[in-house]
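A.B. asks: First the structure, which I've put down as structure tokens, then a few questions once you've had a look.
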Amino acid sequence: MTYHGSPLAQPLKRPSAGRVAAWLGLFLLGAVTGLAGALVQAGWFPGGLLLALVGAAGLFVGGARALGGRAGAVAPAAGWMISVVLLTSGRPEGDFLFAAGNGSYLFLLGGMALAVICATLVSGRQPVGDDARLGK
């Protein structure tokens with residue numbers, strides 16, 4: 001059965017096990033990148049913050065390019081955001097990883113903005129076939 005027309009009218013395909021494993025791997029890599037970035041940005045302020053944000057952006061864009069779609073950017077971004085948000089919460093003993101400084105806020109907000117930008121600007125899959133009007 002061949003469908004023509006809008007990509008939204010196409011039936012959904014079930015993702016392969018390899019693709020799901022790639023999403024899970026990117027999710028875990030995003031969590032590790034968030035943890036490493038939290039430590040680096042606080043330890044070496046101007047350079048560490050830039051290094052942490054560039055590393056996160058590289059992971060988001062690389063995941064999107066590797067998997068050929070937005071889900072490749074969303075999976076590491078979700079892991080990054082969850083790990084960073086969990087690291088911001090204090091413990092009952094009073095310990096915390098993030099101080100209330102400008103660097104921490106720039107890391108949180110800058111990383112979230114980069115995640116949204118990378119997931120939004122990545123080109124999605126293009127329609128295949130003669131009836132596609134790309135570049136005409």
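A.B. asks: Between residues in region 74-97 that are of a type in the set (A, V, I, L, M) and residues that are in a loop (DSSP other than H, G, I, E, B) and modelled with pLDDT under 85, which pairs lie under 6 Å by C-beta distance while being six or more apart or on different chains?
C.D. replies: From residues that are of a type in the set (A, V, I, L, M), the pairs are L87/L97.
A.B. asks: Here is a further query. With respect to A17, is the statement that it is at pLDDT 80 or above and either more than 22 Å from A77 (Cβ to Cβ) or over 18 Å from the mean Cα position of the chain (by Cα) (or both) true? If you could, list the steps in order and put the result at the bottom.
C.D. replies: Details: at pLDDT 80 or above: yes; either more than 22 Å from A77 (Cβ to Cβ) or over 18 Å from the mean Cα position of the chain (by Cα) (or both): yes.
Taking the combined requirement at face value, the residue satisfies it.
A.B. asks: Considering each of G103, G79, G69, G94 in turn, give the residue that is at pLDDT below 90, in a helix (DSSP H, G or I) and not polar (S, T, N, Q). Before you say what the answer is, go through the steps one by one.
C.D. replies: Working: G79 fails: at pLDDT below 90; G69 fails: in a helix (DSSP H, G or I); G94 fails: in a helix (DSSP H, G or I).
Going through G103, G79, G69, G94 in turn, just one is at pLDDT below 90, in a helix (DSSP H, G or I) and not polar (S, T, N, Q): G103.
A.B. asks: I've got another one for you. Looking at region 103-113 only, could you name the residues that are farther than 11 Å from G37 by Cβ and of a type outside the set (G, A, S)?
C.D. replies: Y105, L106, L109, M112 - these are the residues of region 103-113 that are farther than 11 Å from G37 by Cβ and of a type outside the set (G, A, S).
A.B. asks: Now for a different question. Could you tell me how many of the residues in region 34-76 are within 20 Å of S104 (Cβ to Cβ), surrounded by fewer than 24 Cβ atoms within 10 Å (Cβ to Cβ) and of a type outside the set (F, W, Y)?
C.D. replies: The number of residues fulfilling the criteria is 17.
A.B. asks: Just to verify a result, which residue in region 107-126, among those that are loosely packed, with under 14 Cβ neighbours inside 10 Å and not in a helix (DSSP H, G or I), is modelled with the highest pLDDT?
C.D. replies: Looking at residues that are loosely packed, with under 14 Cβ neighbours inside 10 Å and not in a helix (DSSP H, G or I), I get S123.
The values are calculated or read from the model by the stated rules, or taken from the named source; none is laboratory data. These numbers come from a predicted model, not from an experiment. Glycine gets a Cβ as well: all are built from the backbone with ideal geometry, and neighbour counts include every protein chain shown.
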